[in-house]
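The values are calculated or read from the model by the stated rules, or taken from the named source; none is laboratory data. Just so it is clear, the model here is predicted, and its values are computed rather than measured. Virtual Cβ from ideal backbone geometry, glycine too; neighbours counted across all protein chains shown. Calculation scope for accessible area: heavy atoms of the full protein, side chains included, ligands and nucleic acids excluded. Shrake-Rupley method; radii C 1.70, N 1.55, O 1.52, S 1.80 Å.
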Amino acid sequence: MVGMTEINVREFRDYAAGLAQQAASLILTKRAEITATDDIRSHSQTKTSAVDPVTEVDTAAEAFIVDSIHRDRPDDGIIGEEGADIPSKSGVSWVIDPIDGTVNFMYGLGEYAVSIGAMVDGQYVAGVVINVVKQTLYSAAVGHGATVTYRDGTSTILRCRQETDPQLSLIATGFGYTQTRRSGQAKILQEVLPQVRDIRRMGSAALDMCRVAEGTVDAYYEHGVKIWDVAAGIVIAREAGAQVRVPEVWEKNSARGTLVWAASAELAPAFERLLSSVGANGEID
Ligand code: IPD
């Protein structure tokens, strides 16, 4: 196992950035090939419910990322949304969502991303999320800040907005894929909505975390996201000044509806009180 002092987390970030950019190109190329003659929905299957899709592009993008890591870093572990599950011999693990926002991808909505996080001995140390359509690359390494790099090559350091009042806060959230989970989420949303500026449901948890980091929303919460949805976003949001709550132990395929949230450090105490007052702290089935 590697100690945190012996590793260069910036190397992990930069390696993940290269992979994410290549995967994003692959996704755009394959999507264009399919949509030239077909509806992309006929190239998909369902997972946990009839509305939880995986397309052949998700599978191809994950295979590309997994094969690359396996070739370049054979002792590292890999956890991927579409099935990759390789134990780590080095202490380093990569957590991959090849397309976060698959429903947007299928419908041609531009909010979907490749997300690659690096963990060392269970700690989130580096993360990269790329908005595939805009080619906006969010990246961070623990202790080294978070940055966004735009398509034209310009970069900006990410900082959360410093709102302190939930009533004036724009909140991103998301919903799971089962009817039971959605019913529980709707009940909580009904309580939250009157107490905040407004709600956004954009369809990619990875990008929602990046939006907290860049200040285009003030906070994000959701029950039941998986580790691959937010592993990279956790580092990006924290390095931009957010407080992030995630489960202490995150079993890979757990169906538990545990709460995850991120908010600027200034907003976090009041946001946590709000979530707690509407009963959002517990799990949703
Ligand atoms: C989904 C998205 C969505 C969130 C869901 C996730 P997927 O990931 O991140 O925003 O609300 O909980 O499952 O299925 O598009 O990879």
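Given 0.36 nm per residue, what is the gain on full extension from Asp14 to Lys89 after removing their alpha carbon distance, in nm? Let's see the in-between values first.
On the way: separation 75, 0.36 × 75 = 27.00 nm, distance 2.14 nm.
Value of the extension gain: 24.9 nm.
Length available on full extension from Asp39 to Arg200: 0.36 nm per residue minus the Cα-Cα distance, which gives 55.2 nm.
Shape verdict for the stretch 91-135, please, from the Cα gyration tensor: rounded (a/c under 1.5), prolate (a/b greater than b/c) or oblate. Show your work: numbers first, answer last.
On the way: a/c = 4.68, a/b = 2.72, b/c = 1.72.
Prolate is the answer for the stretch 91-135, as a/c is 1.5 or above and a/b outweighs b/c.
Can you work out the FRET efficiency for the pair Lys187 and Val103, with r the C-beta to C-beta distance and R0 = 35 Å, to the nearest 0.05? Intermediate results must be reported in sequence, preceding the final value.
Numbers: r = 22 Å, r/R0 = 0.64.
About 0.95, to the nearest 0.05.
Looking at the square roots a ≥ b ≥ c of the eigenvalues of the Cα gyration tensor of the stretch 6-157, which shape do they give, rounded for a/c under 1.5, prolate if a/b is larger than b/c, or oblate? Judged from the Cα gyration tensor, the stretch 6-157 comes out oblate (a/c at least 1.5, b/c at or above a/b). What FRET efficiency, computed as 1/(1 + (r/R0)^6) with R0 = 25 Å and r the Cβ-Cβ distance, is obtained for Gln22 and Asp285, rounded to the nearest 0.05? After rounding to 0.05, the efficiency reads 0.05.
Given the rule -39500 (n - 2.57) for each run of at least 4 DSSP H residues, summed and divided by the residues of the chain, what is its mean residue ellipticity at 222 nm, to the nearest 500 deg cm²/dmol? Please list the in-between numbers first.
On the way: 7 runs with 97 residues, N = 285.
After summing the helix terms and dividing by residue count, I get -11000 deg cm²/dmol.
Calculate the dipole size of the chain relative to its Cα centre from +1 charges on Lys and Arg beta carbons and -1 charges on Asp and Glu beta carbons; express the result in debye to the nearest 20. Kindly include the intermediate steps, with their values, before the conclusion.
Details: 26 positive and 38 negative charges, 95 e Å.
Taking the Cα centre of the chain as origin, the dipole is about 460 debye.
For the pair the stretch 168-215 and the stretch 15-81, the centres of their Cα atoms are 25 angstrom apart.
Please say if the stretch 166-268 is rounded, prolate or oblate, where rounded means a/c under 1.5 for a ≥ b ≥ c the square roots of the C-alpha gyration tensor eigenvalues, and otherwise the choice is prolate for a/b larger than b/c and oblate otherwise? Judged from the Cα gyration tensor, the stretch 166-268 comes out oblate (a/c at least 1.5, b/c at or above a/b).
Rounded to the nearest 0.05, what FRET efficiency do Tyr177 and Ile157 have when you use their Cβ-Cβ distance and R0 = 45 Å? Kindly include the intermediate steps, with their values, before the conclusion.
Numbers: r = 35 Å, r/R0 = 0.78.
The pair Tyr177/Ile157 has a calculated efficiency of 0.80.
Given their separation in residues at 0.36 nm each and the Cα-Cα distance between them, Asp67 and Ser276 gain 71.0 nm when the chain is fully extended.
Sorting Trp261, Trp250 by solvent-accessible area of protein heavy atoms yields Trp250, Trp261, largest first, with a 1.4 Å probe.
Which residue, Gln243, Gln123, Gln190, has the most motion in a Gaussian network model of the chain that connects Cα atoms within less than 10 Å? Looking only at Gln243, Gln123, Gln190, the biggest GNM fluctuation is shown by Gln190.
Per-residue accessible area (protein heavy atoms, 1.4 Å probe) orders Leu19, Leu193 as Leu193, Leu19, starting from the largest. When each of the peptides 138-144, 21-27 is scored by how many other beta carbons lie within 10 Å of its residues on average, the order from highest to lowest is 138-144, 21-27.
Within the listed set Thr102, Thr35, Thr136, the Gaussian network model of the chain (springs between alpha-carbon atoms below 10 Å) gives the highest mean-square fluctuation for Thr35. For the chain, modelled as a GNM whose springs connect Cα atoms under 10 angstrom apart, the maximal fluctuation among Asp85, Asp198, Asp39 occurs at Asp39.
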